[in-house]
Amino acid sequence: MQGIIGKKVGMTRFFNGESCEVTPVSIIQAGVNIVQQVKTVEKDGYSAVQLGYDICSEKKLNKPQAGHFKKHNSEPTKMIKEFKLDSPEEKLESGQKVGVEIFKDVPFVDVIGISKGRGFTGTIKRHGFSIGRMTHGNTDRRRAGSVGSNTCPAHVRMGKRMAGHSGNEQVTMKALKVIKLDKDNGLIFIKGSIPGKTKGIVFVRKNKKRI
């Protein structure tokens, strides 16, 4: 299995007594993922597994969702995500529970999440533009400046970086180092920051390029 669903808990740090190094780490609560459906090459044309996370009551489901869980004899969950299998021969069954043990001996992972929404922001915060000079009566310190061309093409070019909505979009952080796995509590400790707010849903998958 290539990945798992989790929830961002927050950040902490690890202190190495031998090298006296402090490593900032993000904590992901993967807990228990439930296998909702197993897709095969013979039936579906490809091999994959559908995982569910965060068990919920059947009262909160609509009829199609309730029928899907009942058909595959699995517990209802709020979140469903499909991941590829390591190999078509991997044996999984509906209702089976999996955890962070799939990342055993995996040094690097990719984390996918929704970034924090920052609303309508200017060009300096959104694109990293530099501010204007702070002296000699300059009043255009944080303005974008000219945006259009003159005679040709006489309009604002497509893709011009301007002020607008920032954040609240899918972000993938690749090749993050796995510091520690806590199988008892279902926790993954990853070096550095990951996208999303605290208690936000994230998808963790194995990184194939750095092994």
Requested in this report: Determine whether Asp54 is surrounded by fewer than 13 Cβ atoms within 10 Å (Cβ to Cβ) and either under 18 Å from the mean Cα position of the chain (by Cα) or within 25 Å of Lys91 (Cα to Cα) (or both).
Outcome: no
Query raised in the report: Which members of the range 181-198 meet the condition of being closer than 15 Å to Phe108 by Cβ and hydrophobic (A, V, I, L, M, F, W, C)?
Result: Leu181, Ile188, Phe189, Ile190, Ile194
Requested in this report: Please specify each residue of the range 7-42 satisfying the condition of being surrounded by fewer than 19 Cβ atoms within 10 Å (Cβ to Cβ) and in a loop (DSSP other than H, G, I, E, B).
Outcome: Gly17, Glu18, Ser19, Cys20, Gly31, Val32, Thr40
Report task. Could you check Glu89 against (1) assigned to a loop (DSSP other than H, G, I, E, B); (2) more than 26 Å from Asp110 (Cβ to Cβ); (3) free of Cβ contacts under 8 Å to residues at least 24 places away in the same chain and say which number it fails? Result -> (2)
**Report entry** Options Phe189, Phe120; residue that is exposed (fewer than 12 other Cβ atoms within 10 Å of the Cβ) and part of a strand (DSSP E or B)
**Finding:** Phe120
Query raised in the report: Would you call Lys59 of a type in the set (Lys, Arg) and modelled with pLDDT of 90 or more?
Result: no
Report summary line: The residue that is nearest to Ile34 (Cα to Cα), considering only those in the range 150-203 that are among the small types (Gly, Ala, Ser) and out of contact with any strand residue (DSSP E or B) (no Cβ under 7 Å at 6 or more places or on another chain), is Gly167
Query raised in the report: Which residue out of Asn73, Asn62 is assigned by TED's automatic domain parsing to the domain that holds Ile188, at positive phi and surrounded by fewer than 12 Cβ atoms within 10 Å (Cβ to Cβ)?
Result: Asn73
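The values are calculated or read from the model by the stated rules, or taken from the named source; none is laboratory data. As the structure is a prediction and not an experimental result, all values here were calculated from the model. Because the Cβ atoms are built from the backbone with ideal geometry, glycine has one as well, and the counts that use them run over all protein chains shown.
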